[in-house]
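Asker: Please find one structure pasted underneath; my questions will follow.
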Amino acid sequence: MEKCEAAARAIRRETLNHHVNARQLDLASLKSIREFAAKINEEEQRVDILVNNAAVMRCPHWTTEDGFEMQFGVNHLGHFLLTNLLLDKLKASAPSRIINLSSLAHIAGHIDFDDLNWQTRKYDPKAAYSQSKLAIVLFTKELSRRLQGSGVTVNALHPGVARTELGRHTGIHGSTFSSTTLGPIFWLLVKSPELAAQPSTYLAVAEELVDVSGKYFDGLKQKSPAPEAEDEEVARRLWAESARLVGLEVSHVSSVREQPLPR
């Protein structure tokens with residue numbers, strides 16, 4: 001929160017807009033997500049744009065507070081629950097937009113419904129990351145179908161590789177050779193955080209995208225995602241399983257009822 005508050009202060013100072021707030025949200029905790037969403041729904045009159053940006057990448061075999069594999073739990077399930085809990089406010093604010101940050105890595109992903117949380121397979125952090133990012137594209141597709149006629153659009157996005165701490169668990173930080181020899185070259189090739197944020201901003205405000213929904217963007221360009229990301233049956237099945245895992249019964253996008261979490 002210290003870094004978040006500092007960013008909010010910097011934005012207020014630069015823009016002279018005092019309506020910039022920092023709020024705490026832990027996407028590895030369903031309790032935190034519910035508390036955050038309740039606060040937004042109670043205190044904010046509108047939610048015009050929701051950018052689901054957070055991610056964990058190729059971390060060790062960690063689990064969330066609720067026992068989900070960390071990458072699937074944070075990257076997909078956390079955003080799935082948050083978005084559902086804010087849907088009524090988004091619909092009341094229509095026309096409004098949802099932007100889900102995925103990754104080019106979704107192409108290598110596969111949804112293993114028999115072991116979504118890597119409880120029986122040998123853990124593979126790369127494959128787990130790819131599965132989580134594929135899940136985001138599938139979530140986008142199914143949510144777009146459910147939101148038809150609501151005035152709310154949703155699109156998925158690969159923003160490009162950014163110069164952030166997201167790759168803290170990757171090999172480039174794991175050896176002296178990588179960090180001292182390859183590191184400087186890598187940092188020259190990747191985008192600054194400001195440049196990497198431009199595609200999200202474009203999807204959030206571009207007038208020509210007002211009716212575009214359920215699509216996948218690579219940077220500023222719309223592209224076709226991986227074949228599995230366009231499988232409607234997989235998307236519907238993932239939605240149902242995600243709702244079960246986070247304790248939601250979602251019969252309609254405007255009717256979200258919390259259920260007891262599965263044991």
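The values are calculated or read from the model by the stated rules, or taken from the named source; none is laboratory data. All figures in this text were calculated on a predicted structure; none of them were measured in a lab. With ideal geometry, Cβ positions are generated from the backbone for all residues, glycine too; neighbour counts draw on all protein chains shown. Keep in mind that these areas ignore ligands, DNA and RNA; they rest on the heavy atoms of the full protein, side chains included. Shrake-Rupley method; radii C 1.70, N 1.55, O 1.52, S 1.80 Å.
Asker: Does Phe80 qualify as being among the aromatic types (Phe, Trp, Tyr), in a helix (DSSP H, G or I) and within 23 Å of Val205 (Cα to Cα)?
Answerer: yes
Asker: For region 9-67, name all the residues that are open to solvent by less than 40 Å² (accessible area, probe 1.4 Å), of a type in the set (S, T, N, Q) and in a strand (DSSP E or B).
Answerer: Across region 9-67, the qualifying residue is only Asn52.
Asker: Can you pull out the residues in region 92-115 that are over 30 Å from Gly149 (Cα atoms) and either crowded, with 16+ Cβ neighbours inside 10 Å or among the aliphatic types (A, V, I, L, M) (or both)?
Answerer: Those that are over 30 Å from Gly149 (Cα atoms) and either crowded, with 16+ Cβ neighbours inside 10 Å or among the aliphatic types (A, V, I, L, M) (or both): Ala105, Ala108, Gly109.
Asker: Exactly one condition in (1) more than 30 Å from Lys89 (Cα to Cα); (2) modelled with pLDDT under 95; (3) surrounded by 16 or more Cβ atoms within 10 Å (Cβ to Cβ) is false for Pro199; which is it?
Answerer: The failed condition is (1).
Asker: Being within 14 Å of Leu87 (Cα to Cα) and either free of Cβ contacts under 8 Å to residues at least 24 places away in the same chain or not acidic (Asp, Glu) (or both) is the filter here; which residues of region 40-57 pass it?
Answerer: Answer for region 40-57, where residues must be within 14 Å of Leu87 (Cα to Cα) and either free of Cβ contacts under 8 Å to residues at least 24 places away in the same chain or not acidic (Asp, Glu) (or both): Ile40, Asn41, Glu42, Gln45, Arg46, Val47, Ile49, Leu50, Val51, Asn52.
Asker: When you go through Ile107, Ile99 one by one, which is the residue that is under 20 Å from Tyr216 (Cα atoms) and in a strand (DSSP E or B)?
Answerer: Ile99
Asker: Something else about it: Of all residues in region 54-82, which are over 19 Å from Ser242 (Cβ atoms) and within 17 Å of the chain's Cα centre (by Cα)?
Answerer: Met57, Arg58, Cys59
Asker: Could you please let me know if Leu189 is farther than 19 Å from Glu142 by Cβ, of a type in the set (A, V, I, L, M, F, W, C) and at pLDDT below 55?
Answerer: Spelling it out, it is not the case that Leu189 is farther than 19 Å from Glu142 by Cβ, of a type in the set (A, V, I, L, M, F, W, C) and at pLDDT below 55.
Asker: Exactly one of (1) free of Cβ contacts under 8 Å to residues at least 40 places away in the same chain; (2) in a helix (DSSP H, G or I); (3) within 18 Å of the chain's Cα centre (by Cα) is unmet by Leu85. Its number?
Answerer: Among (1) free of Cβ contacts under 8 Å to residues at least 40 places away in the same chain; (2) in a helix (DSSP H, G or I); (3) within 18 Å of the chain's Cα centre (by Cα), the lone unmet condition for Leu85 is (1).
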